[in-house]
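Colleague: Quick one: the structure is below, and I'll ask about it shortly.
The values are calculated or read from the model by the stated rules, or taken from the named source; none is laboratory data. Given the structure is predicted, the values throughout are model-derived calculations rather than measurements. Neighbour counts are summed over all protein chains in view; Cβ atoms, including those assigned to glycine, are modelled from backbone coordinates with ideal geometry.
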Amino acid sequence: MKYILTVAVGCLLSLFTFSAGSQDQEPVFKAGFSEQDITPDIGMEQPGNYGKSYHRSFHDRCKVRAVVFDDGKRKVALVGLDLLFVTRYIVQDVRAEIQKRCGIQPDAVMIGASHNHSAGPIGMSEPGDFDKASPLVKDLLINQSIVSDSGFIQHLRAQIVKAVVQADAVRADAKMAVGVGYEDKVSFNRRQRMKNGLTYSHAGVGNPDIIEYAGPIDPQVGTIGVWDLKGNLMGVVVNFANHNTTNPGGISANWVGSMERTLRGATGNAALPVVFMQGACGDITQVDNLAIYTNPAAEEWWDIVGSRVGAEAFKTLLLIRRGAGSDIPLDVRSRVWKIKRRVPAPAKVKQALELVKQDPEKAGSVEWTFAKETLLLDALLKTKPEAEVEVQAIQVGPAVFVSNPSEYFVEYALDIKKASKFPFTFVVELANGCVGYVPTEEAFGPHGGGYETRLTSYSNLEITAGRQFANTGIALANEMKPGVVPSPPPPPPFRSPWTYGNVPPELN
């Protein structure tokens, strides 16, 4: 809570009003919000696993949520997707169209997915990835793995562009406030240290061999509120690290939808735009493997996680001071490079080939699935032995959003926050592409292990990738100068205590 205290007002500010007389000059800071629908159809594939699954019911809508900020010199856009991930090819395509339609530079557009396991059908492969693969591998890709639906992807592209263009079109003079709340009851590190010296992912509630959690969480609820000059709340940006996997049943934005509902109810604005940028949650979920009680039902879990994060964001809005105009500079930094993929041993590829020829039930569904993934990776390496990655830093006043394209382990995010010169640093994972899990180097060591370190067509970067992302993000952020953190005026000089309070105790 130390960040909130630096900007707290002595008494609660009204969420909807402020003193217009404090503005001496015409503001140059503008903002605009928009949301568009990307809800998949019943019957489409449901992503989030390594095999086929299909949507059979509907819970709540999936969206693209976008905000465009403008300081009079440049414009930047933050885009949150209710999606499992977004591929590099899609990002490059929509960025080019956004630049054509409204002039926002490609490196000033951050597109992040919420890692929603209840979203539309999107697969990891991109055009050309498996053109030279064998018929067996192509069959494993198309018929045994989640693949993108071409119609859905076309709609997704159009809706991302539409959301940013519309947000740009409705930009209005605005004030903005940044703060950080604290929520530590709904997220847990899903990796546990075991008595055998290794680390497991989801070792299981009640497992007597668990020693402790293998890593921390990030309880910060990063919050940006934007108001028009009449004091009306225009929109909110939230950053929090937790897998979006409460899965309330059917198509859903997952707990992000519950968070949006909470903020809309608390503010009294049934159409309030809420842009969510997922934090570093590669090893963070709502599942507590050291729990002493049974897990909530799916619908209740959806409600608990989203409502608590939304409530904390709302509380933060009540305590943070608003700035405007030249106090909210915008800036952008970005670096794109290639990282090598890890290569499976030839013996492992040979064994996988023999295994996938067997019936999955006979071979064992888990081992068969990862054998399939070995063959897919082996084929991918022939066309893409390296992965293109981007780390981006977008400054909005005293806050900086630092992105990476992975399911990123939280330790690295905490390192970035500690080394950043900004008073508010919000790490965004699964942004501008997807390269799968990026664990810490320790996770690949003799006491590491777990699901996230398995070598698949989804997760395969060299083990130093996470540190490369962190070092790059820190360097990019620290090239920029933070904007000021607005603070209330100091109290008037002391004159005397309150006259009815400066008395000794009365006993009779």
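Colleague: Let me spell it out: the conditions are (1) at pLDDT below 55; (2) aliphatic (A, V, I, L, M); (3) over 18 Å from Arg264 (Cα atoms), and Ile42 meets all of them except one. Which number is the exception?
Modeller: Of the numbered conditions (1) at pLDDT below 55; (2) aliphatic (A, V, I, L, M); (3) over 18 Å from Arg264 (Cα atoms), the odd one out for Ile42 is (1).
Colleague: Out of curiosity, is Gly222 out of contact with any Leu (no Cβ under 7 Å at 6 or more places or on another chain) and at pLDDT 95 or above?
Modeller: When the stated conditions are applied, Gly222 passes them.
Colleague: Now, a different point. Take Gly128 and decide whether it is at pLDDT below 95, under 22 Å from Val428 (Cα atoms), part of a loop (DSSP other than H, G, I, E, B) and small (Gly, Ala, Ser). Working first, answer last.
Modeller: Details: at pLDDT below 95: yes; under 22 Å from Val428 (Cα atoms): no; part of a loop (DSSP other than H, G, I, E, B): yes; small (Gly, Ala, Ser): yes.
It is false that Gly128 is at pLDDT below 95, under 22 Å from Val428 (Cα atoms), part of a loop (DSSP other than H, G, I, E, B) and small (Gly, Ala, Ser).
Colleague: For a quick check of your reading: which strands (runs of 3 or more DSSP E) sit entirely within segment 131-242 and have at least 1 residues that are surrounded by fewer than 16 Cβ atoms within 10 Å (Cβ to Cβ)?
Modeller: 172-182, 210-213, 220-228
Colleague: Considering only segment 289-304, state which residues are surrounded by 12 or more Cβ atoms within 10 Å (Cβ to Cβ), within 24 Å of Gln192 (Cβ to Cβ) and not hydrophobic (A, V, I, L, M, F, W, C).
Modeller: First, pick out the residues of segment 289-304 that are surrounded by 12 or more Cβ atoms within 10 Å (Cβ to Cβ): 289-290, 295-296, 298-304.
Still in the running and within 24 Å of Gln192 (Cβ to Cβ): 289-290, 295-296, 298, 301, 304.
Residues satisfying the conditions are Asn289, Asn295, Pro296.
Colleague: Specify the residue that is nearest to Arg454 (Cα to Cα); the eligible residues are those in segment 188-241 that are among the basic types (Lys, Arg) and out of contact with any His (no Cβ under 6 Å at 6 or more places or on another chain).
Modeller: Among them, the one singled out is Arg191.
Residue by residue, here is whether (1) more than 30 Å from Phe58 (Cα to Cα); (2) of a type in the set (Ser, Thr, Tyr); (3) out of contact with any helix residue (DSSP H, G or I) (no Cβ under 7 Å at 6 or more places or on another chain) holds:
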{"position": "Tyr89", "(1), (2), (3)": "no, yes, yes"}
{"position": "Gln92", "(1), (2), (3)": "yes, no, yes"}
{"position": "Lys100", "(1), (2), (3)": "yes, no, yes"}
{"position": "Gly103", "(1), (2), (3)": "yes, no, yes"}
{"position": "Pro106", "(1), (2), (3)": "yes, no, no"}
{"position": "Ile111", "(1), (2), (3)": "no, no, no"}
{"position": "Gly123", "(1), (2), (3)": "no, no, yes"}
{"position": "Pro127", "(1), (2), (3)": "yes, no, no"}
{"position": "Lys138", "(1), (2), (3)": "yes, no, yes"}
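Colleague: Mind checking which residues of segment 413-467 are more than 30 Å from Glu367 (Cβ to Cβ) and assigned to a strand (DSSP E or B)?
Modeller: Phe424, Thr425, Phe426, Val427, Val428, Ala431
Colleague: Could you list, in sequence order, all residues of segment 383-398 that are under 13 Å from Val332 (Cβ atoms) and either assigned to a loop (DSSP other than H, G, I, E, B) or over 16 Å from the mean Cα position of the chain (by Cα) (or both)? Walk me through it before giving the result.
Modeller: The first filter runs over segment 383-398 and keeps only residues under 13 Å from Val332 (Cβ atoms), leaving 390-396.
Of everything in segment 383-398, those that are under 13 Å from Val332 (Cβ atoms) and either assigned to a loop (DSSP other than H, G, I, E, B) or over 16 Å from the mean Cα position of the chain (by Cα) (or both) turn out to be Gln395, Val396.
Colleague: Looking at Ala96, Ala133, Ala119 in this structure, which one is without any contact (Cβ under 8 Å) to a residue 60 or more places away in the chain and among the small types (Gly, Ala, Ser)? Lay out the reasoning, then the answer.
Modeller: On the way: Ala133 fails: without any contact (Cβ under 8 Å) to a residue 60 or more places away in the chain; Ala119 fails: without any contact (Cβ under 8 Å) to a residue 60 or more places away in the chain.
The conditions single out Ala96.
Colleague: I need a count of the residues in segment 271-296 that are assigned to a strand (DSSP E or B) and over 18 Å from Tyr213 (Cα atoms).
Modeller: Filtering segment 271-296 down to residues assigned to a strand (DSSP E or B) leaves 274-278, 284-285.
Adding the requirement that they be over 18 Å from Tyr213 (Cα atoms) leaves 274-278.
Residues in segment 271-296 being assigned to a strand (DSSP E or B) and over 18 Å from Tyr213 (Cα atoms): 5 in total.
Colleague: Okay, moving on. I'm trying to understand the selection: among the residues of segment 357-377, which are farther than 20 Å from Tyr451 by Cβ and in a helix (DSSP H, G or I)?
Modeller: Applying the first criterion (farther than 20 Å from Tyr451 by Cβ) to segment 357-377 yields 357-359, 361-362.
Selection gives Glu361, Lys362.
Colleague: Note down all Cβ pairs under 6 Å where the first residue falls in segment 73-89 and is under 14 Å from Ile146 (Cβ atoms), the second is surrounded by fewer than 22 Cβ atoms within 10 Å (Cβ to Cβ) and among the small types (Gly, Ala, Ser), and they're at least six residues apart or on different chains.
Modeller: From segment 73-89, the pairs are Leu84/Gly48.
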